[in-house]
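> Could you have a look at this structure, given as C-alpha cells, before my questions?
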C-alpha cells in the first residue's frame, strides 16, 4: 500500500496524535526542567541534580549485557511496496506492508522530509534467525535506499495482529542484520501500536514483551545501554569533532539550469550529514536507550539523558556559530546558505528535545544569517545591477519573514524598477484600383519611467495607459488634405515580461495601442504599418506586439535593440514599413 497525497483531516489527526504522543512522552521521560538541564556554558552536564549518577545509582547495572547482537534474515519480496517521494509536490507520503504473520508496518514521511526525489521501498522479512541477538525479534522490514538521511523525522509504526501485545519495542539494525539496537519507541495504550521516529534508513525489527524473564533481561540491557550512551556523550563533548567548512553556494541564478536546485540541495544534504552525523549518532543513542528504559522500567530516572542530549545539540549549535561569525564577513556570504540549512535542521532537533530559551537564542542567529544573505544580494542588485539576484531575492525575503526577520519586500520591488525608451518610425501607402489614395509617415517617441512589478504577478511589470507616444514629425495625406502629425499624442500600454537574466538573458517588451484612438491620425499611420511590418511579433492572446531584448548584466543600460520590417495587404491595397528602437534601463 503506497500513497503520496495531501493529508486528509482523518489522516492529519492520526499523524498529529502519533507525533504528539512521541514528543510529549519524550519531554516527560527525559525531563526539561532546570534540575536536569545543565547551563550551556558547562563543559559537561552536572550529575548532582539527578539520581542516576554513574558514581552512586541504585538503578545502574554496569555488569549488564553489552549489546543486542545481530540477526540474519531473508526478504519476502512478494510483499514489497514502494512509493516515489517528490518534494516539489508538497505532499506527505505513506507506505505500508503486511508480513506473512499479519504484522503491519507503516512509514509516514512528512512533505519536507527530503530535498530530492527518491524511491522509498519497504520489504518485510520472510524468515529470521535471532539466535545471536538478545532482542528476540519477531517481525522486521528492510528500508531502502540504505543510508538515506531525512531532513525531518519519519514515523515508523508497527501494529501486531493481537489485541493486547504488551510492551512493543522497535529496534534498528544495519542492512546485514548487525548492530541491533533500541529505536526511540513509544506505545499507544496497551501497546497496540509501537511508534519510532527515524532519521535514516537501514532495517528495523519488532518484538512485544509478554514474558517476565524476557522483559527483565531487556530491562537490564536497556539500562546498561543507557549508561554507556551517557558516558559516550561525556567523552564526545570533551573532544567534539572539528566542524567541516561549509560549501560556498551562490544564490545567483538559483533554480535555473545555470545553477540547478538539485545540485544545491545535494550540496546542502552532504554538508548537513558531514557536519551533524557525529552529533546525531550520540543523540540517537541517548534517546533510543532512554525510551527503551522508559518503556521497560517506568520508575527509572532517565532525566540526565535529556540533559546530555541537549548539551550535544548545543555543541553543534556552538560550532555552527563559529563558522557563522566568519561567513557573515565574507563577500559573498555564500557559506551562510549551508549554515542556515543545517542550523534549521539542528534547531528542529533541539526543539524536540527541549522548550528552553536556548533554542530560541539559536533561532536569532539563523535569522541574522538569513538577513545578511538577503541584504548582500539586494545590494548587488541595487548598486551593481547584478540582475542574477532576482527572483531568488523574493524567496530569500519569504524565508526571512518566516524566521521573523526585518522585512524588505518594498526595497526588493523598488530595486526591480525599469525605464523603457521607444523611438518609432512608420510609413504607409493606401491604394485603390492600383492608384494611391493616401500616404502617411510618422516619427514618434515615448519615455516610460518607473515600471514596477505588478503585485498580482511576479513576472509582469507595467500599468494601464502608461505609454504616451508623441509624434515628433509626420504627415497624413488623403484626397482631401494633408495633416501635420507633429505634437500629436496617442496613449497605449507597455509591459515587461519573461525576465530571464540567467539562461536566455532576455527581457520581453509588450506594446499595445499603436492604433491610438478611433480618430487618431498618427495611429492611422502607425497602426497598419506596425501590423504589416511586425506581424511575426504579434501576440494574439495579449493583443500586443512582444519584442525580446537581450540584456547585459552589471550595466544600468541593460538592453537596446532595433527592429525593422515591411509588408503589404494580400489584396495589394496597402503597403507599409516600420522601424522600432527600444532602450531598456535599470532604475532602482
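> Rounded to the nearest whole Å³, what is the per residue volume of the convex hull around the Cα atoms of segment 435-588?
Hull volume normalised by residue count: 123 Å³.
> Show that you can apply the helix-only estimate: for the chain, add -39,500 (n - 2.57) for every DSSP H stretch of four or more residues, divide by all residues, and state [θ] at 222 nm to the nearest 500.
-11000 deg cm²/dmol
> Looking at (1) -0.41, -0.69, -0.86; (2) -0.75, -0.92, -1.01; (3) -0.59, -0.79, -0.89, which value of log10 I(q)/I(0) by the Debye sum over Cα atoms at q = 0.07, 0.09, 0.10 Å⁻¹ comes from a calculation on the structure shown?
Recomputing log10 I(q)/I(0) by the Debye sum over Cα atoms at q = 0.07, 0.09, 0.10 Å⁻¹ here picks out (3).
> How far, in degrees from 0 to 90, does helix 261-296 lean away from the longest principal axis of the Cα atoms of the chain, to the nearest 10?
The angle comes out at about 30 degrees.
> Still on this model: Please rank 426, 182, fewest neighbouring Cβ atoms within 10 Å first, as an exposure proxy.
Fewest-to-most ranking of 426, 182: 426, 182.
> Let me ask something else. Mind sorting 216, 310 by how few other Cβ atoms lie within 10 Å of their own Cβ, fewest first?
Lowest count first: 216, 310.
> Measure nothing but the geometry: give the 0 to 90° angle between the long axis through the Cα atoms of 521-533 and the longest principal axis through the Cα atoms of the chain, rounded to 10°.
The two axes meet at around 60 degrees.
> Another question about this same structure. Could you tell me how many degrees, from 0 to 90 and to the nearest 10, lie between the Cα long axis of helix 9-30 and the main elongation axis, the longest principal axis, of the Cα atoms of the chain?
For 9-30 against the chain, the angle is about 50 degrees.
> Right, another one. Listing 367, 489 from the residue with the fewest other Cβ atoms within 10 Å to the one with the most, what is the order?
Fewest-to-most ranking of 367, 489: 489, 367.
Read-outs: derived from the displayed coordinates by stated rules, not from any lab. Quick caveat: nothing in here was measured; it's all calculated off a predicted structure. For neighbour counting, all protein chains shown are included, and Cβ atoms are generated from backbone atoms with ideal geometry for every residue, glycine included.
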